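J.: Mind having a look at this structure? Questions to follow.
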Amino acid sequence: MSNDSHHEENFLQKYIFSVDHKVIGLQYGITSLLFLFFGFCLMMVMRWQLAYPETSVPIVGWLLGESDILMPEIYNMLGAMHGTIMIFLGVVPLAVGAFGNYIVPLQIGAPDMAFPKLNAASYWSYFIGGVIMLASFFMPEGAARSGWTSYPPLSIFETGQTTWLIGMVFLITSSLLGSMNIIVTIVQLRAPGLSWFRLPFFVWAQFVTAFLLVLAFPPLEAAAVLQLMDRVAHTSFFLPSGLVYSGATVDVYGSGSPLLWQHLFWFLAHPEVYVLILPAMGIVGDVIANNTRKPLWGYKSLVYASVFLGFMSFIVWAHHMFLTGMGQAMSAFFQTTTMIISIPSVVILTAFFISLWGASIRFTTPMLFALAFLPMFGIGGLTGLPLGVGASDIHLHDTYYVIGHFHYVVAPGTIFALFAGIYYWFPKITGRKMSEALGKLHFWPSLIFMNGVFMPMFIQGLAGVSRRLYDGGQLYAHAQDVLQWNEFMSISAFCLAAAQIPFIINVFVSMFNGEKVDRNPWGATTVEWSAPSPPVPHANFEGDVEVYRGPYEYSVPGADKDFSPQTEK
Amino acid sequence: MQIPYIVEERPDTGLNNSKLGIWVFLASEIMLFGGLFSAYVFLRMAAPVGDFAYWGSKLSIPMATFNTIVLISSSVTVIMSWASLKMKDFEKYKMYMGLTLLCAFLFLVVKYFEYTGKFHHGIYPSSSTFMGIYFTLTGLHMLHIIGGMIVMGYFWLPFGNKMWQSDPERFTNRIEVAGLYWHFVDLVWIFLFPILYLL
Amino acid sequence: MSDHDNGHIQEHIKVYLTVFGALGALTLLTVAASYMDVSTTEAIFLALTIATVKASLVAGYFMHLITEKHTIIWILCLTFVFFLFCMFIPMITTIDHASLS
C-alpha cells in the first residue's frame, strides 16, 4: 500500500518497481510508445514489399534472413504481429494503461489507484507479455503468422502460434487487473463533492472502457486456452471432422467448429474497438472544452451515449462473420444492432462539433490534434456502415476497404487523440510545456501523410483487392487499375515516419529545456490541474481535495476569469 | 497519504475497496467460465448426436459426487472461519481454515485419481471433443482451487497471526474476500458437475 | 457487515448450516435424477434447474448477495446479461445456420 512519502526510496523502488500510479502510468506510456514505433516499423517493411515487390529491402534487409528480400512467410509474420502489437501492446496500453493510470486518479482527486500493488502487477504482466511477443521473432519457429485474428484451422497448424497464445494470456491478465483497478478507483476514491455527473468526460470514458475490458476479455482468454489445447494437447475444439490439410486428412477426433473461435474472438474484439476509441473520445472532449473556453456541449448526452455505446458493443460482433453462412434472421439482427450502435457514436461526434460553435478557439497543438480527430474518426465511422450491412459486406469483406476503415478509426482517430493527450498533459507530468513550433511541425505532415496512407485503401478495396496479398495484387486482373496506388501509399507511410521525428525531438528537448509552467498552464477546470506539476509522489495533492462544481465551467457569466476550477468554491 | 476506504466503508457505496474489487474480479471470472460454458454448448451441438453422452458415461459419478460434497463442505468451513473471526475467536478460525485447506487438498487428491485413471485407460484430452472440454474445464477449475489454496494457506500460516494482531478488522475483511473467491470456485463446480458427469 | 454483534453471527451460522444441509440433499437429488429414465431434454432441464438452485443458495447466503449493496448487484446483473449474450447468441446463430442447409 502507499506509505507516507517520508521514507527514502532507492532508485529501483522509485522508478522500476514503484507502486505509485504516476510512475506506472509513465512506464506504460514509454513501453507502449516503443511498441507503437516497433509495430509501425513492421508495417513499413511490408509496405516496401507492396510497393516494390521482391526487391531488396533497404536499411533493415539484413534482418530478413539470407536474402534481403521479404519472404512470404515473414510477410505473414509481420502482418500478424503488426496487428497484435499495435492493438494489444501499443494503443490499448497507451490509452488505458498510461492515460488511465496517470490521469484518472488525478482527475478524481485521489492519492493513488485503489490497489497500487495490483497496478504494478498489471504493468509487469504486460511487460512479460510484450517480451514473449518480441522473443517469438527470434525463436526457431518464428512469430505467429495467422493474422491478429488467429482464425483456425490455419492457426492450429501454423508455427509460432503457441508463443502468441501464451503472450496473449499475460496481456489479457494485465488488462483485467488494470481495468478492475480503474473501476474500483472511480467508484470508491472520488474526492468529496465529486458526484457522478461532475466527473470529467475522460473519466467516464475510462470507466466504460474498463467495464468492456473486464467483461469482454475473459471469453477470449477462454478461447485462447482452447486453442492452446488444440495445439498442444491435440484436441479438436476448432477442427471439424474430415479436415484435409496439405493433402492428408488431419488425424484428430474432429467434430469441432472453427466458427466457435470466431464467436469467442469477436465477442472480445468488437468491444475492443470501443476500448480503442472511448478513451480517445475522452481526451478529445477534455481538450476541446479547454481550448474552446466554453462548456462541452451536451455533457450528459455524451455520458449516456458512451454508456449505451459500451453496452451495445457486446451484441454486434457477428457483423464480422456475415460471410460464414449465417442465416438471414441472425444477419438481420446483427445488421440492426450495428446500425443502432452508430447512433451513440454520432451523438458523441455531433456534441463535439457543436461545442466548437461560436467559440474563440485556441489553436494549440493538442487542440489541432483533437480537431483533426473529428473528421478523421468521422471518415472511419462512416466507412464502417457499408461493412455493417450484409449485402455490401459481401463485396467489401477482407479487402483493403476494411483496412482503410479501421485504420481511419484507430490511426488518425485514436492515435491523434492520444497525441493530443500527450501534448495536453505533458506540462502536468514534467512541469514544462512542449514546443508549439515543433508540435505544429509534427501535426501538419502527420495529418497529410496519414490520409496519403489510408485514403487510397478505400479505392483499392472497392476494386476488390484482398487485404492479405503478399504482392499487393499483381497477379489479379481486377487489381491492375489500382496497383499504382501501392507506391503512393508506401511513400506516404515512409514520410509519415519522418513526420514523427519532430515529436521525438520535442519530447526530449521539452523535458529538459521546455518553457517552465506553474500548475495550470492551460487555464483548465478539472481537478488534476490543482495538483503541483509534477504531482507529489504517492499523494498527488498537497492537501485534501474537495470539489464544488461541474467539470467544464468555462466562461461562467460573472466569474472573474474565463475558467472556474472544480476545486474552487 | 493513505488511500481511503481500505478498511472502512465509503458512505455512499457502503463498500470498502477490496469488497468491490473482488466482485469485479468475480464478474470477469463469470465471463471466463461463461465463455467456456458457451463453448461446451456450442461443441455439444456441433458433435454427432449422443457423442457427448457416450464419452460422459466414462466418467466416475461416485468420485465426482464425493468431490461435490467435499467442495460444499469447504465452502461452509471457510465461511465459519470468517464468522469465527467476527466473534474474535482466532483459534476457531485456525481450525476452520485448516479444515478448508484439508477439503481442498482432498478434492485435488480425488481429482488426481480421476485423471490418472483416465490416462491408464488410454483416455486423453485428444480422445474426443468431450474429453477435451472435460480436461480443459476441470483443469482450469483445478488451477483456481490451487490458487485459492495458496492465498488461504498464506493467511493460515503464521503470517496470518501477525496480520490478525496488527489489524484484526482488515484481516477479517481479507478472509471474507478470500472466502468470496472460494465460494465462486465452489459455484463453478456446482455447474461443472451436472454438465460433465450427469448429462 | 462490520456492525454485527455475536448474536447476529450465531443466527448467521444457523443459516449456513441449513444451507449446507440443503446443498448436500440437492447434490444427492441431482445424482438420483440422472439415473431416471427421461428424455435428454428433460434431463438437461432437471439437472440445470437443480444446479441453479444450488448456485443461488451459495451466492445468496454464503456470498451474502441477498443483503449486498446495490453497486455490486448492478455489476453482477450487467455481467449476467453479457453472459447470456455470450451463451445464447452463438447458439442461436448456429441453429440459424442449420435451418438453411
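J.: Here's a check for you: in region A:206-246, which residue that is open to solvent by less than 30 Å² (accessible area, probe 1.4 Å) and in a loop (DSSP other than H, G, I, E, B) is nearest to residue A:274 (Cα to Cα)?
T.: A:238
J.: If you don't mind, another one. Do you know which of the residues in region B:127-176 that are polar (S, T, N, Q) and at the interface with chain A (Cβ under 10 Å from one of its Cβ atoms) is most open to solvent (accessible area, probe 1.4 Å)?
T.: The selected residue is B:127.
J.: Does residue A:406 qualify as being part of a helix (DSSP H, G or I), within 23 Å of residue A:487 (Cα to Cα) and in contact (Cβ under 8 Å) with a residue 40 or more places away in the chain? Please lay out each step first, then the result.
T.: Numbers: part of a helix (DSSP H, G or I): yes; within 23 Å of residue A:487 (Cα to Cα): yes; in contact (Cβ under 8 Å) with a residue 40 or more places away in the chain: yes.
So residue A:406 passes the test.
J.: Can I ask one more? Quick check: anything in region A:382-402 open to solvent by 20 Å² or more (accessible area, probe 1.4 Å) and over 30 Å from residue A:328 (Cβ atoms)?
T.: No, region A:382-402 has no match at all.
J.: Has region B:16-28 got at least one residue that is more than 7 Å from every other protein chain (Cβ to nearest Cβ), assigned to a loop (DSSP other than H, G, I, E, B) and open to solvent by 50 Å² or more (accessible area, probe 1.4 Å)?
T.: no
J.: Here's something else I'd like to know. Would you please name the residue that is nearest to residue A:92 (Cα to Cα), looking only at residues in region A:173-191 that are in contact (Cβ under 8 Å) with a residue 60 or more places away in the chain and facing chain B (nearest Cβ under 7 Å)?
T.: A:180
J.: When region B:1-15 is examined, which residues are found to be among the hydrophobic types (A, V, I, L, M, F, W, C) and facing another protein chain (nearest Cβ under 8 Å)?
T.: Matches in region B:1-15: B:1, B:3, B:6, B:15.
J.: Could you list, in sequence order, the residues of region B:87-101 that are touching a helix residue (DSSP H, G or I) at 6+ places or on another chain (Cβ under 7 Å), in contact (Cβ under 8 Å) with a residue 24 or more places away in the chain and either at positive phi or within 14 Å of another protein chain (Cβ to nearest Cβ) (or both)?
T.: Matches in region B:87-101: B:93, B:99, B:100.
J.: Among the residues of region A:294-352, what is the count of those that are open to solvent by less than 60 Å² (accessible area, probe 1.4 Å) and assigned to a loop (DSSP other than H, G, I, E, B)?
T.: Residues meeting the conditions: 8.
J.: Now for a different question. Taking residue A:458 as meeting all but one of (1) farther than 30 Å from residue A:55 by Cβ; (2) of a type outside the set (Ser, Thr, Tyr); (3) buried (at least 17 other Cβ atoms within 10 Å of the Cβ), write down the number of the exception.
T.: Failing condition for residue A:458: (1).
J.: Which one of these is buried (at least 22 other Cβ atoms within 10 Å of the Cβ), over 18 Å from the mean Cα position of the chain (by Cα) and in a helix (DSSP H, G or I): A:186, A:128, A:132?
T.: None of the other options fit; the residue is A:186.
J.: Now, a different point. Give A:100, A:147, A:167 a once-over and let me know the one that is away from every other protein chain (no Cβ under 14 Å) and either open to solvent by 10 Å² or more (accessible area, probe 1.4 Å) or modelled with pLDDT under 95 (or both).
T.: Selected residue: A:147, the only one of A:100, A:147, A:167 that is away from every other protein chain (no Cβ under 14 Å) and either open to solvent by 10 Å² or more (accessible area, probe 1.4 Å) or modelled with pLDDT under 95 (or both).
The rows are residues; the columns are (1) surrounded by 12 or more Cβ atoms within 10 Å (Cβ to Cβ); (2) under 14 Å from the mean Cα position of the chain (by Cα); (3) at the interface with another protein chain (Cβ under 8 Å from one of its Cβ atoms); (4) modelled with pLDDT of 90 or more.
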| site | (1), (2), (3), (4) |
| --- | --- |
| C:7 | no, no, no, no |
| C:14 | no, no, no, yes |
| C:43 | yes, no, yes, yes |
| C:47 | yes, yes, yes, yes |
| C:53 | yes, yes, no, yes |
| C:67 | no, no, no, yes |
| C:82 | yes, no, yes, yes |
| C:89 | yes, no, yes, yes |
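The values are calculated or read from the model by the stated rules, or taken from the named source; none is laboratory data. If you're wondering where the values come from, they're calculated on a predicted model, not measured in any experiment. Ideal geometry is used to build each Cβ from the backbone, glycine not excepted, and the neighbour counts take in all protein chains shown. Note: accessible area is taken over every heavy atom of the protein model, side chains too, but ligands, DNA and RNA are not part of it. Shrake-Rupley method; radii C 1.70, N 1.55, O 1.52, S 1.80 Å.
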